[in-house]
Amino acid sequence: MYILTRLFSRFLAVSSTLLCALLLSVTANAVDRIELRDGSVVMGTVTDADAGTVTIDTAFAGTLSIDQSAIVGMTVESGLVLQMDDGSVLETPRLEVTDEQLALSEQTNRSYALEQLTRINPEPWELGDGYNFGGLASFGFESQRGNTDTDELNYRFETRWESLVDRFRVEAYGEVNEANGIKNAENWTARGRYDRNQTGNWYWGGGVSAEQDLFADLDLRTSIGPYVGRRFFTEPVFELEAETGLAFISEDFVSADDREYLGSTWDVHVSSNYLGGDSRLYIDHKGIWNLDEVSNIVLNTTLGLSFPLLLGIEAAAEFVYDVNTGAVEGTEEVDQTYRLRIGYAW
């Protein structure tokens, strides 16, 4: 009994020491403080502020994203670089927000409201130095053996360079399918676009594209022309961007007569992180309207859901719906594709 009592006492002592160490560790790490309108307080380490959202790492709930409009007070104990909505860039060894007003050091004689804070610790390109580079490379492959032997391969590559004044975008995608050793699908598309900011969310630019779909009798379709675009919504929960323009279209067919025409073009991109977990719902819609033959319209619509796996690798499920009302005789006007892909995003 004496031995059991000693062991139990030692267990309590060790447990108390570990608990105190844990509490001290949490307290030491939770140096920053955010006070919300509803009176609740979040403790942790503020890591970022961008697009009206403040990000804080907590010991109890991981990383939280808090709407900036819900914050009435905040204390950040580490040194920060602040970018304001008037273009000012301020450095401060400590940030304190009281009654939605920023309390800064004597480096500036101007006061700022919290709502005027655009970013915390902006990247160089966000200050006008260089470009932000990102992209995606992915592929999907399916092989089936049995009553029908099928092999399906689809691939996609996209990249972008974006600064405060202009943007480059390049994308390429396609698929090759075989059934019982006979190829039944072979197509690819490549596009390049360059645009510049005009005022606010408006921008203008020019693009080129090339496309081949041998099983739709299309040997090559090329397009070149200008466009104007607008970002209607930019919040991660709902992003909407649309472009419209004119383009010179040239279509070379395998057996049908070739044609050239002036076309009206449009692009619509919608995405949302509403489902959470860094997943993304998206819709990409592209169209070409033949202004010489108004009944001839080419549409491409992709609906997808992508979600991260690990180390920058993401998976996606997509439904692609293609319509070509000017399809040559003997080919289908409508084409539907379901596909899964996995790739690396950066």
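Exposed loop sites are taken as trypsin sites (Lys or Arg not before Pro) in a DSSP loop (any state but H, G, I, E or B) with at most 16 other beta carbon atoms within 10 Å; the longest stretch of the chain without one runs 146-346. Size descriptors for the chain: radius of gyration and Dmax over Cα atoms are 27.5, 101 Å.
Heavy-atom accessible surface of segment 286-346, averaged per residue, reaches 58 Å², computed with a 1.4 Å probe.
The residues of segment 76-176 expose, per residue, 57 Å² of accessible area to a 1.4 Å probe.
Rolling a 1.4 Å probe across all protein chains gives residue 215 an accessible area of roughly 100 Å². Here, P(r) means the percent of Cα pairs in each 10 Å bin from 0 to the largest distance; for segment 34-142 it is 13, 43, 27, 11, 5, 2, 0.
Farthest toward the positive end of the dipole of the chain, out of 288, 313, 36, is the Cα of 36, where the dipole comes from beta carbon charges about the Cα centre. Solvent-accessible area of the chain (1.4 angstrom probe, protein heavy atoms only): carbon and sulfur portion equals 58 percent. Per-residue surface analysis assigns residue 234 an accessible area of about 80 Å², computed on protein heavy atoms at 1.4 Å probe radius. Ordering 124, 206, 90 by Cα displacement along the dipole of the chain toward the positive end leaves 90 in first place; charges were set at the Cβ atoms of Lys, Arg (+1) and Asp, Glu (-1). Think of it as helices only: each DSSP H run of n ≥ 4 in the chain is worth -39500 (n - 2.57), and spread over all residues that comes to -3000 deg cm²/dmol at 222 nm. For the chain, excluding the exposed loop sites themselves (GluC sites (Glu not before Pro), DSSP loop, at most 16 other Cβ atoms within 10 Å), the longest remaining stretch covers 107-292. Considering only alpha-carbon pairs that sit under 8 angstrom and 6 or more positions apart, the relative contact order computed for the chain is 8 percent.
Helix 2-29 axis versus longest C-alpha principal axis of the chain: approximately 60°, rounded to the nearest ten.
The values are calculated or read from the model by the stated rules, or taken from the named source; none is laboratory data. Predicted model only: the values in this text are computed from it and were never measured. Reconstructed Cβ throughout: ideal geometry from the backbone, glycine too, with neighbour counts over all protein chains shown. Note: accessible area is taken over every heavy atom of the protein model, side chains too, but ligands, DNA and RNA are not part of it. Shrake-Rupley method; radii C 1.70, N 1.55, O 1.52, S 1.80 Å.
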